[in-house]
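**Q** I have a structure here, written as structure tokens, and I will follow up with some questions on it.
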Amino acid sequence: MSICNFYSKSLGAYSADLCSTLITFYRDESKFIQQVVIAVQDKINRTILSVSPYLIGTHTRAEDINTWLQDESSDVSMAAICGMGGIGKTTIAKVVYNLKFSSFEGGSFLANIREISGQPRGLIRLQKKLLSDILRGRKEKVYSIDEGIVKIKAALYCKRVLVVLDDVDKMEQLDAILGVRDWFSKGSKIIITTRHERLLRTHETCRIYRVEKLDDAESLELFSWHAFGQDRPPDDYEVDSRRMVHYCDGLPLAIKVLSSSLSGKSLDVWKSHLEKLKAVPNSEVLEKLKISYENLQDEHDKNLFLHIACFFVGKDKDWTVQVLNECDFYATIGIHNLIDRCMLSIDFRNKLRMHQLIQDMGREIVLQESPYEPGKRSRIWNHEESFDVLAEKTVSTSILLVCAFLFLLEGILFN
Ligand SMILES: Nc1ncnc2c1ncn2[C@@H]1O[C@H](COP(=O)(O)OP(=O)(O)OP(=O)(O)O)[C@@H](O)[C@H]1O
Ligand SMILES: [Mg+2]
């Protein structure tokens, strides 16, 4: 049976007509079948990326990116999804990739670039994955980053592709994987997820999408799905669930970690966990957030971050800059850097704002300098501890305590 007869039997006259037209175009039935097989294989080979079964608010958060992806006339071919650790950048990138990749001729999602590029031959492995995705599974040998760049350029020639580079934190990662952006054909789109907003601002025209934290209702829903397998907490757990959600302050990572760890536990355990969180922040969440601190440019920025986390959250930005510059901090540029890394923000009243868990992370770093002897820590922000170390004269550093005095003074003046 010829392929046209097969189509006319199974799909009706219209498909058979279309088929014969296409065969005339291809002149040869076997060539036509080959093309069909390649096209079908291509669709099958595109694996859907796995995402959490309980996604909350991703569609509204991905709306603008989806509109940009659909816009073939847009000159801007690069977008960055930015935000603090655990806010959902990778999740949103996966959602839009799954939704849109079939409308491109090729696609690649390169996950965990920060982590992989730090491993031996990591950047080359990433280049090979990109090549293999664009060349539909064909494996290419790559011996050096430069060779990889040349091969990627050839593979991208005349192809409309969607490429996602997940968790980029250095320009050199972008340069090695993407080379010069001009290689990309018109209509191609590149999405980057990063905690470092300025990384791309200095680079070239790029859309920035900031991921907003979950609101209270969204947070409670996500929490309930993970803790109870339903969209609302049972009545007897409602109050404590809300307290947990309040602690997470809209951060999906924290909501997921805490709700999963409490699932199936009795109310006593919940209450004790809540009490413990007041003194000891959750280590799994903190470790993820600490990456941002460790990636800060230099010791100046690290010290500035710790100072702000310990003493200046909620304070006027200009006043803070003035005080810290007196202590030889380069506060203006430092604050700018922290904002770029999504670790700090300034509200409409010019006050410094920090996500509660980022602040906890900073204070925990200081606490761990000497868990049991406050006098040996670089900073003391707690009134009682400040009084104790001053009374006992157990403090080892004097300069940093200036800030503790300020804090103390403020406490005395205003309380
Ligand atoms: N809107 C959401 N609904 C449900 N779960 C979410 C949502 N956003 C994020 N999550 C979950 O929270 C966790 C952290 O999300 P994700 O890895 O996307 O954060 P990220 O911003 O990429 O963090 P990082 O900066 O560490 O790469 C994941 O387990 C993810 O499944
Ligand atoms: Mg991520």
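Rundown of residues vs (1) out of contact with any Asp or Glu (no Cβ under 6 Å at 6 or more places or on another chain); (2) closer than 27 Å to residue 244 by Cβ, yes/no style:
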position: 284; (1), (2): yes, yes
position: 301; (1), (2): yes, no
position: 307; (1), (2): yes, no
position: 328; (1), (2): yes, no
position: 333; (1), (2): yes, no
position: 350; (1), (2): no, no
position: 354; (1), (2): yes, yes
position: 371; (1), (2): yes, yes
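**Q** Let me ask something else about it. Assuming residue 115 fulfils every condition listed in (1) of a type in the set (D, E, K, R); (2) surrounded by fewer than 19 Cβ atoms within 10 Å (Cβ to Cβ); (3) in contact with a strand residue (DSSP E or B) (Cβ under 9 Å, 6 or more places away or on another chain) apart from one, which condition is it?
**A** Against the list (1) of a type in the set (D, E, K, R); (2) surrounded by fewer than 19 Cβ atoms within 10 Å (Cβ to Cβ); (3) in contact with a strand residue (DSSP E or B) (Cβ under 9 Å, 6 or more places away or on another chain), residue 115 comes up short only on (3).
**Q** For a quick check of your reading of the model, give me the residue pairs whose first member lies in the stretch 132-159 and is farther than 20 Å from residue 186 by Cβ, whose second is at pLDDT 85 or above and in a loop (DSSP other than H, G, I, E, B), with beta-carbon atoms closer than 6 Å and at least 6 apart or on different chains.
**A** Matching pairs, first to second residue: 148/142.
**Q** Against the conditions (1) within 16 Å of ligand 2 (Cβ to nearest atom); (2) modelled with pLDDT of 85 or more, where does residue 153 fall short? Just the number, please.
**A** If we test residue 153 against (1) within 16 Å of ligand 2 (Cβ to nearest atom); (2) modelled with pLDDT of 85 or more, just (1) comes out false.
**Q** Here's something else I'd like to know. Any residue that is within 16 Å of ligand 1 (Cβ to nearest atom) and surrounded by fewer than 18 Cβ atoms within 10 Å (Cβ to Cβ) - is there at least one of those in the stretch 91-108?
**A** yes
**Q** Please return the ranges of helices (runs of 4 or more DSSP H) entirely within the stretch 274-340 where 3 or more residues are within 23 Å of the chain's Cα centre (by Cα).
**A** 283-294, 299-307, 331-340
Matching residues to (1) away from ligand 2 (no atom under 16 Å from the Cβ); (2) among the β-branched types (Val, Ile, Thr); (3) in the same structural domain as residue 254 (by TED's automatic domain parsing):
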site	(1), (2), (3)
64	yes, no, no
70	yes, no, no
79	no, no, no
82	no, no, no
85	no, no, no
88	no, no, no
91	no, yes, no
98	no, no, no
101	yes, no, no
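Residue-wise test of (1) in a loop (DSSP other than H, G, I, E, B); (2) assigned by TED's automatic domain parsing to the domain that holds residue 343; (3) at pLDDT 95 or above; (4) within 17 Å of the chain's Cα centre (by Cα).
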{"position": "147", "(1), (2), (3), (4)": "no, no, no, no"}
{"position": "190", "(1), (2), (3), (4)": "no, no, no, yes"}
{"position": "196", "(1), (2), (3), (4)": "yes, no, no, yes"}
{"position": "199", "(1), (2), (3), (4)": "no, no, no, yes"}
{"position": "203", "(1), (2), (3), (4)": "yes, no, no, no"}
{"position": "257", "(1), (2), (3), (4)": "no, no, no, yes"}
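**Q** Any idea how many residues of the stretch 231-247 are assigned to a loop (DSSP other than H, G, I, E, B) and either touching a Ser or Thr at 6+ places or on another chain (Cβ under 6 Å) or outside the structural domain of residue 268 (by TED's automatic domain parsing) (or both)? Break it down into steps so the answer makes sense when it comes.
**A** Here is the first cut: in the stretch 231-247, the ones assigned to a loop (DSSP other than H, G, I, E, B) are 231-234.
From what is left, the residues that are either touching a Ser or Thr at 6+ places or on another chain (Cβ under 6 Å) or outside the structural domain of residue 268 (by TED's automatic domain parsing) (or both) are 231-233.
Final tally of qualifying residues: 3.
The values are calculated or read from the model by the stated rules, or taken from the named source; none is laboratory data. Treat the numbers as computed from the prediction; the structure is a model and nothing was measured. Cβ coordinates were reconstructed from backbone atoms using ideal geometry, including for glycine residues, and neighbour counts include every protein chain displayed.
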